[in-house]
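Contents: one structure, followed by commentary.
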Amino acid sequence: MKKPFVIAIDGASSTGKSTLAKGLAKALGFAHVDSGAMYRGVTLYAQQNDLLENKTLNTEVLLSQLDDIHLRFEGDTFWLNGVDVSAEIRSMQVSEAVSLVAAIPEVRAFLVAQQRIMGANQSVVMDGRDIGTVVFPKADLKLFLTADVNIRAQRRFDELSAQNASTSVEEVRNNLAERDHLDSTRADSPLVQAADAVPLDATQFTVESMRDHVLDLVAERLS
Ligand code: DC
């Protein structure tokens, strides 16, 4: 079997990682794994089971129940214990609590193990915060996305509005800034650019031009 090709895309929330990852996966016939969805899935599980209220997490009970949390991707659909939660994991309620859950080393180890399996037997485009630094330090291509915070807030606000969520651009921007801070300063696997990652400023590209630019990089690495 040909060795799988792994593309790691890291960067802050709403910089367009998932859009880029989806476009690349489609063009290359690779699987796409949105690792943020997995942290969101664990957060939603905690909320559904009353383990997370007002940003207070019952870490001990959550950790004792990790093996009861079954996450699965099927195309763009994301399943938590057999239920399609693709829309629910994007809610502000989940966004406001996810950084807390993502900072727990045992939760990270639980999800990283699953992410590594997903990239072991198939070519994959995986996006997140620590894919090029921790999950796949030997990825064939690493990208690090940045974008202006106001553009990121508008993007996420537009996505939430399309789902009829009642929120404001201000609220979304504050949440992004808070998560940027928590995700970049946590002790375990903080959001940092890998030394060998290619930096990309999403503000400088259209969706298509960024995808095509990266496809050129893939072709170079493959040749
Ligand atoms: O990409 P996103 O906004 O859906 O990610 C949700 C949260 O999950 C984000 O605040 C940080 C966390 N996360 C992480 O810690 N490591 C990853 N590989 C992916 C996401």
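So here's what we get for this one:
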item	result
Candidate lysines for bridging to K2, where Cα separation is under 21 Å - those fewer than 8 sequence places away on the same chain excluded	K26, K138, K142
Sequence of R211, R152 once ranked by neighbouring C-beta atoms within 10 Å, starting from the fewest	R211, R152
Computed magnitude of the charge dipole of the chain (debye, nearest 20; Cβ of K, R +1, Cβ of D, E -1)	600
Angle in degrees between helix 207-222 and the longest Cα principal axis of the chain, rounded to the nearest 10	60
S161, S123, S13, S223 arranged by Cβ crowding within 10 Å, fewest neighbours leading	S223, S161, S123, S13
Spatially proximal lysines relative to K55 (Cα-Cα < 28 Å; intrachain offsets below 8 disregarded)	K17
Mean-position separation - Cα centroids, the stretch 162-209 and the stretch 109-148, in angstrom	16
Relative exposure of F110, F136, judged by other C-beta atoms within 10 Å (fewest first)	F110, F136
Q163 paired with S64, simple spin-label distance in nm, labels 7 Å along Cα-to-beta-carbon	3.1
Residue with peak Gaussian network fluctuation, the chain [Cα springs, cutoff 10 Å], from G16, G75, G119	G75
Inter-probe distance in nm under a simple model that places probes 7 Å from Cα toward Cβ, at E178 and D201	2.9
Helical mean residue ellipticity (222 nm; -39500 (n - 2.57) per DSSP H run of 4+; nearest 500) of the chain	-15000 deg cm²/dmol
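Taken together, the values in this text are just the output of simple stated rules run on the coordinates, not laboratory data. No experiment lies behind these values; they were computed from the predicted model shown. Note that we place each Cβ from the backbone using ideal geometry, even for glycine, and neighbour counts take in every protein chain shown.
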